[in-house]
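The values are calculated or read from the model by the stated rules, or taken from the named source; none is laboratory data. Just so it is clear, the structure is predicted and the values come from calculations on it, not from any experiment. Neighbour counts are summed over all protein chains in view; Cβ atoms, including those assigned to glycine, are modelled from backbone coordinates with ideal geometry.
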């Protein structure tokens, strides 16, 4: 978070657009065309986060799992981490599941 303005002596903080704490393209070494990514999603989390352990990517999003909002947030986070456009990620499996499989086109 970064300070935006002061009000009555208190600094109000506003979250950055990507609050996953990761630089854009930090996982660009994984961004190969045709690569598939197994993702475990935690919707409605307290804070957004993205980690990689044993070939599985875990993404926590603050969005509720309604009308594809959480899936859209996952796509945005994964694209940010890989340093690619959101349109290059295709959801292969799990549109309504916590376990998802994406392919990078």
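Points to keep in mind about this one:
Here is a yes/no grid of residues against (1) touching a residue at least 12 places away in the same chain (Cβ under 8 Å); (2) in a helix (DSSP H, G or I); (3) touching a strand residue (DSSP E or B) at 6+ places or on another chain (Cβ under 8 Å); (4) closer than 21 Å to residue 26 by Cα:
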{"position": "65", "(1), (2), (3), (4)": "yes, no, no, no"}
{"position": "70", "(1), (2), (3), (4)": "yes, yes, yes, no"}
{"position": "74", "(1), (2), (3), (4)": "yes, yes, yes, yes"}
{"position": "77", "(1), (2), (3), (4)": "yes, yes, yes, yes"}
{"position": "81", "(1), (2), (3), (4)": "yes, yes, yes, yes"}
{"position": "84", "(1), (2), (3), (4)": "yes, no, yes, yes"}
{"position": "87", "(1), (2), (3), (4)": "no, yes, no, yes"}
{"position": "90", "(1), (2), (3), (4)": "yes, no, yes, yes"}
{"position": "102", "(1), (2), (3), (4)": "yes, no, yes, yes"}
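- In region 19-35 there is no residue matching the filter, namely being modelled with pLDDT of 95 or more, surrounded by 11 or more Cβ atoms within 10 Å (Cβ to Cβ) and in a strand (DSSP E or B).
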